[in-house]
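The values are calculated or read from the model by the stated rules, or taken from the named source; none is laboratory data. Treat the numbers as computed from the prediction; the structure is a model and nothing was measured. Heads up, the Cβs are rebuilt from the backbone with ideal geometry, glycines too, and the neighbour counts pull from every protein chain shown.
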């Protein structure tokens, strides 16, 4: 007859050794998930409009303050970021003598920014998800 007590610890060790790689993979996946790039300038993945070199950008501080630069208009706002969700609310915007066409494009982009609900990061690319997907690149200067 086998000693039952001697086999229980061996079974327990065998079970844990089989589960350990999955537990470690879970920790590695969490550690590998990139965090939101606070305090980095994020430039819209777009070409400048004709007649200008300006590209819209966002910069989000860890305290939630946001600097918003559109095609012509600039301003400030507040962001709330938790896990992979994001909400951006403009608080003050200033008109820099924009043409009606520029102003219309800025209003459309600002509406898209205020409707984002999620974000994900792929290397230096930050994708904001909402009714319209906005792609921003982290500035490397």
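Within segment 93-110, does at least one residue satisfy the condition of being within 20 Å of residue 40 (Cβ to Cβ) and at pLDDT 95 or above? Looking for residues that are within 20 Å of residue 40 (Cβ to Cβ) and at pLDDT 95 or above, one finds at least one in segment 93-110, hence yes.
Quick grid of which residues meet (1) touching a residue at least 24 places away in the same chain (Cβ under 8 Å); (2) in contact with a strand residue (DSSP E or B) (Cβ under 7 Å, 6 or more places away or on another chain):
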residue: 34; (1), (2): yes, yes
residue: 45; (1), (2): yes, yes
residue: 56; (1), (2): yes, yes
residue: 63; (1), (2): no, no
residue: 70; (1), (2): yes, no
residue: 80; (1), (2): no, yes
residue: 87; (1), (2): yes, yes
residue: 95; (1), (2): no, no
residue: 113; (1), (2): yes, yes
